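Colleague: A single structure is presented below for examination.
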Amino acid sequence: MAFSSGGGSDDTPMSDINTTPLVDVMLVMLIIFLIAVPVVVQNIKLKLPDVKYDPTTTKPENVSLSITKDDKGQCAVYWGMTRMGHQELHDKAKKKMDADIERLKAAGPIDPEKIPEVHIRGDVDVPYKCVGGAIYTMQSAGFIKVGFISQPPPKS
């Protein structure tokens, strides 16, 4: 125990804690963490695209799908105004794609820009599995371009 070394007759132990070693350890740990954190945090350098909203160019050969939920909470996919099931959607999409490819072949070499697209409008409350299922169905039928129609941001 440490005792005061004064000439007095006070025999009580010193209650002061020497904090210098504690501060030294904390400063060393701070320096170590400042050096180690940038090494641990890794990221890939990317140039993210600027957000811009291009107006949709609607061509008559494009397919417009609307996806919503019915009263029972099931996925409801509409081609134009006609509701379709999964197999019916696949069959109709396959027929349309085959007819469009034959039409494009007759005109000469196929230009990838002239291949029809699928434009999907999904209700905000639709589960992802409904939209994902429609995308999968259309891609398995041969459509390679799938786009989403959304509400444009308000002009400020």
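Every number in this text was worked out from the coordinates using simple rules, so none of it is lab data. Since this is a predicted model, take the numbers as computed values, not measurements. Please note: Cβ atoms are built from the backbone with ideal geometry, for glycine as well, and neighbour counts cover all protein chains shown.
Colleague: Report every pair of residues separated by at least 6 positions or lying on different chains whose Cβ atoms are under 6 Å apart, first residue within segment 110-123 and free of Cβ contacts under 8 Å to residues at least 60 places away in the same chain, second hydroxyl-bearing (Ser, Thr, Tyr).
Modeller: Arg121/Ser66; Asp123/Thr68
Colleague: Next up: Could you tell me whether segment 125-132 includes any residue that is of a type in the set (Lys, Arg) and farther than 18 Å from Glu61 by Cα?
Modeller: Within segment 125-132 (the criterion being of a type in the set (Lys, Arg) and farther than 18 Å from Glu61 by Cα), the answer is yes, since at least one residue qualifies.
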